[in-house]
1. Restricting attention to region B:31-40, which residues are open to solvent by less than 30 Å² (accessible area, probe 1.4 Å) and in a helix (DSSP H, G or I)?
2. Would you point out the residue of region B:282-315, among those that are small (G, A, S) and buried (at least 18 other Cβ atoms within 10 Å of the Cβ), that is farthest from the chain's Cα centre (by Cα)?
3. Which residue is modelled with the highest pLDDT, if the candidates are limited to region A:163-203 and must be β-branched (V, I, T) and open to solvent by 70 Å² or more (accessible area, probe 1.4 Å)?
4. I'm trying to understand the selection: among the residues of region B:88-100, which are among the aliphatic types (A, V, I, L, M) and open to solvent by 10 Å² or more (accessible area, probe 1.4 Å)?
5. Just for region B:185-223: of the residues that are outside any loop (DSSP other than H, G, I, E, B) and free of Cβ contacts under 8 Å to residues at least 12 places away in the same chain, which one is nearest to B:V283 (Cα to Cα)?
6. Hey, can you tell me all the residues within region A:166-214 that are within 13 Å of chain B (Cβ to nearest Cβ) and not in a helix (DSSP H, G or I)?
7. May I ask you to list the residues in region B:187-201 that are open to solvent by 90 Å² or more (accessible area, probe 1.4 Å) and more than 14 Å from B:T258 (Cβ to Cβ)?
8. Just wondering, is there one or more residues in region A:114-125 that are modelled with pLDDT of 90 or more and among the acidic types (D, E)?
Amino acid sequence: MTDGYRKIVLDGLWHNNQALVALLGLCPLLAVSNTLINGLGLGLATTLVLVMSNVSVSMIRNWVRPEIRLPVFVLIIASFVTMVELVMNAYFHGLYKVLGIFIPLIVTNCTIIGRAEAFASRNPIPRALVDGLAIGVGSTLALVVLGGSRELIGQGTLFDGAHLMFGEIARGWRWGIGEDYPGILLAILPPGAFIGLGMLIALKNIIDKRLSTRQPASAAGTEPVTA
Amino acid sequence: MQFSISSSPHQSGQQSVTRVMGLVLLALVPGTLAMFWYFGWGPIINLGIATATAVAAEAAVLHLRGRAIGVTLIDLSAVVTAWLLALALPPLLPWWQTAMGSVFAIVVVKQLFGGIGHNPFNPAMAGYVLLLVSFPVTMTRWLPPDVVSGSALSLADSLHIIFSGTPPLGQTWDAISSATPLDQMRTELSQNRMIGEIRQSPLWGDFGGRGWEWIGNWYLLGGLFLIWRRVIGWRIPASMLAGLVLIAGLFWAIDPDTHPFPAFHLFSGGAILGAFFIATDPVSASTTPRGQLIYGALIGLLVFVIRTWGGYPDAVAFAVLLMNMAAPTIDHYTQPRIFGQRGRGDA
């Protein structure tokens, strides 16, 4: 049983990472990852919705007729997204304004409906919960790494705007290379998101290749990584 | 690399990539000398930096990919990319920006897509656009041609500026730099001035900017040489320049006060260089005869559109990249008829 959970977590974080392997939810991933904090904010909001929707879908999985399951899933996801949106508007208003349209658009994030359909509607509640958490954290990590590297290359800072998320105390977290760093604007603009994501996927594939040549006997970590 | 065609009845051509690229470099010499004549040592130093970094980057990636380095380096394609990029850059661009554009062109745009013959975009123009989008300030800081300024920067001054990124002692950027004719035309038009007034400035020659129009002529000479040597076809350059003149002429005829004479569009900025040396890149351009006419004409059209209504003064790079994207589709719909068959060759 613990083996089963271990696999769910590893799949969510790495082998079936929704951003880097399944290539799902790319629209928010590419649009919002211009700074580390933006990526983290959207990643956490998505994770929250994902966990709640996975659990709810798993709860009702035996009562929903297959013909109408997708509309039901969408309604559930939309309700949770509305909740998250209202909460963010109330408590993280700055971040809410920065992320803008991409918070309501979490509804259309294919990662969430994909996990509801492919996993939560076929598994008991605890497993669905762990899956939602692992998938969400996996996507968040991708968002944070992409957002952090774009921010670093594009404007030479990290944690810019951290106070939007962690309160005034976090203003001092902002770290910069220096005033005379000439930001490479391309990294912050949309092409930078595509190039950066491509580089991240390449990096993951290189790591997987290294791992699989190092231990060819253990088949567990060598599932095909192409989506 | 030799285009060796196997099996006996065929005669194998003497054309090789090295020879083609060598001829392109030869054809660029007059234009490059003209750049040197008008802008001093800057373009030559850029050329050196771009070539060195491009060749080094190409060798490094080939090594990483486990390919034979010597065979590919000797085809000179990296040198051509670097040379085209360097000619498009402002003369006093900081050295690391030139190097970054050239490394990006070779590593990301060319080698990551599979190396020579596999790049969907023109590497030199993609490198140029990377720099233009990332460093708008330094990328629009041109020198006035020395027929206008009356004095050229010395080699030592040029080296100092390029490698330190600061203007020479006691001078400011405003004193030594100047807008390009396209840039100037655009700024002044946006202030509601009329063409007749704008052209009073000493920056202007007979057709385009002083100095600039002659550089265009020397590129034209090199381009005609390439057509004569059958390195490039006539279709893309002719249709691109025709497209540009046609649309520019139309708007000029409608309102000559706010739209410059079509020759201005031809002989300012990168239109001639783009038509003969950049749009004709055999890998990223359209390949069918009818397709090449469409491809070229649309580049000309886009150049005018972006120059007139877009956000950047010159547009050749953007137009070429956009049409690179469209080239496979154009090729798909313009397949020539197969000899002996009716209708389009879909096979």
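1. Across region B:31-40, the qualifying residues are B:G31, B:T32, B:A34, B:M35, B:Y38, B:F39.
2. B:G291
3. For region A:163-203, the residue satisfying everything is A:I177.
4. Scanning region B:88-100 gives B:A88, B:L92, B:A99, B:M100.
5. Filtering first and then ranking leaves B:T187.
6. Passing the criteria: A:D180, A:Y181, A:P182, A:G183, A:I184, A:I188, A:L189.
7. B:Q200
8. Checked region A:114-125: no residue is modelled with pLDDT of 90 or more and among the acidic types (D, E).
The values are calculated or read from the model by the stated rules, or taken from the named source; none is laboratory data. Please read these numbers as outputs of a predicted model, since none were measured by experiment. Neighbour counts run over all protein chains shown; Cβ positions are idealised from the backbone, glycine included. Note: accessible area is taken over every heavy atom of the protein model, side chains too, but ligands, DNA and RNA are not part of it. Shrake-Rupley method; radii C 1.70, N 1.55, O 1.52, S 1.80 Å.
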